[in-house]
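Structure, as structure tokens:
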Amino acid sequence: MLLGAPPASAESGSLQLQVSIDQRPIEDATVPVDPANQVELQVVATNTGTAPVKVRSVRLSGVALALTFFAYDTTAPFEVPARGSVSRTFVLDLGDLSGQATGLLPSSVELLDAQRGTLGEATTVADVRGSFWSVYGVFGLAMLVLTVLAWLTALLALARHRLAPNRWRRGLRFLPAGFGTGLVAVISLSVLRLVPPEPAIEIPVVLGAGAIAFLLGYLTPHPAPPAVAESDTTVRLPLPSTQEFTR
């Protein structure tokens, strides 16, 4: 009795989704999203399990650098029968998306149950036509400022011969500037609509930029020894005694 059959939700916890946005299939495509217009989201959910699955809501979200920059949930309960499929159409108002993101962002459409668990998911790349001063754009500008400050701090310490004598410590001094450079490159490519910030791209770029900066710091010349003060090099001769002057 204790090792009986698992609950039906464990067997039917996944749905296969076919999603279209404004009648454009999102699979293997870049979907333009204009916050000024409403978005028509069409979802076809197929249940391959032996028990019906109850869907509570649908979510459209966009993620970059492991951070969620926008997410829209629409509550619309429906049930997908066992070995069957259901088609639903949702109209989303994304008016405030203009202030949240811009450029290419990896996005997903999820069907959620009552416990906010994911029943099915379809991924795509959204071309968000938002404002440059959105949260995502300002985040990129903040990373640019911090990266410039990190480079200036490291190079100023190099020019003043204040880096650590140990090569590994000098490399670590340049490492944050390298990581920042990689992050700025990833965000810039996304905002300019050239390359989306997907993990297969952002991770090698950030790690590669960090490795190059660490190598530059590791190869910097050894800081020069402190200059010896003139007073320290002066030879102090003993003064002649009074008797010597008398002679």
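Just to confirm my numbers, what's the Cα centroid distance between the range 47-100 and the range 119-190 in Å?
Rounded to whole Å, the Cα centres lie 33 Å apart.
Gain in length, ASP96 to LEU172, computed as 0.36 nm per residue apart minus the alpha-carbon separation, to one decimal in nm? It would help to have the intermediate numbers written out before the result.
On the way: separation 76, 0.36 × 76 = 27.36 nm, distance 4.08 nm.
This chain segment gains 23.3 nm when fully extended.
For the chain, set up a Gaussian network in which alpha carbons nearer than 10 Å are linked by springs, and say which option among SER188, SER87, SER20 fluctuates the most.
Evaluated over the chain, the most mobile residue of the options is SER87.
Counting helices only, and only those DSSP H runs with n ≥ 4, report the 222 nm mean residue ellipticity of the chain as the sum of -39,500 (n - 2.57) divided by its residues, in deg cm²/dmol to the nearest 500.
Details: 6 runs with 83 residues, N = 247.
Per the formula, -11000 deg cm²/dmol.
What nm value, rounded to one decimal, do you get for the distance between LEU67 and LEU141 when each label is placed 7 Å out toward the C-beta?
1.4
Using 7 Å Cα-to-Cβ label points, what is the PHE132/ARG59 separation (nm, one decimal)?
3.3
Under 10 Å, Cα contacts only: if you run a Gaussian network model on the chain, which one of ALA177, ALA51, ALA64 comes out with the highest mean-square fluctuation?
Looking only at ALA177, ALA51, ALA64, the largest GNM fluctuation is found for ALA51.
How high is the FRET efficiency from SER14 to LEU192, r the C-beta distance, R0 35 Å, rounded to 0.05? Intermediate values should be presented prior to the final figure.
Numbers: r = 36 Å, r/R0 = 1.04.
It comes to 0.45.
Calculate the dipole size of the chain relative to its Cα centre from +1 charges on Lys and Arg beta carbons and -1 charges on Asp and Glu beta carbons; express the result in debye to the nearest 20. Before the final figure, lay out the partial values.
Working: 17 positive and 19 negative charges, 237 e Å.
Once rounded to the nearest 20, the dipole reads 1140 debye.
Give the Kirkwood hydrodynamic radius (Å, one decimal) of the chain, defined as one over the mean of 1/r across all pairs of different Cα atoms.
Values: mean 1/r = 0.0442 Å⁻¹.
One over the average 1/r among Cα pairs gives 22.6 Å for the chain.
Check VAL55: other-chain or 5+ apart residues with amide H under 5 Å from its amide H, H built from backbone geometry?
Hits under the 5 Å cutoff: PHE78, GLU79, VAL80.
Give the angle, between 0 and 90 degrees and rounded to the nearest 10, that separates the Cα long axis of helix 199-218 from the longest principal axis of the Cα atoms of the chain.
Helix 199-218 sits roughly 0 degrees off the main axis of the chain.
What percent does the relative contact order of the range 135-219 come to when contacts are Cα pairs within less than 8 Å and at least six residues apart? It would help to have the intermediate numbers written out before the result.
Values: 97 pairs, mean separation 31.3, N = 85.
Computed over the range 135-219, the figure is 37 percent.
Need the full-extension length gain, ALA36 to ARG83, defined as separation in residues times 0.36 nm minus the C-alpha distance. One decimal, nm. Kindly include the intermediate steps, with their values, before the conclusion.
On the way: separation 47, 0.36 × 47 = 16.92 nm, distance 3.87 nm.
Extra length available between ALA36 and ARG83 comes to 13.0 nm.
So, with a 1.4 angstrom probe, what is the percent of accessible area on the range 135-219 that is carbon and sulfur?
Working: 3700 of 4830 Å².
The value for the range 135-219 is 77 percent carbon and sulfur by accessible area.
The values are calculated or read from the model by the stated rules, or taken from the named source; none is laboratory data. Nothing here was measured: the structure is a model prediction, and the numbers come from that model. Note that each Cβ is placed from the backbone with ideal geometry, even for glycine, and that neighbours are counted across all protein chains shown. Only protein heavy atoms, including side chains, enter the accessible area calculation; ligands, DNA and RNA are left aside. Shrake-Rupley method; radii C 1.70, N 1.55, O 1.52, S 1.80 Å.
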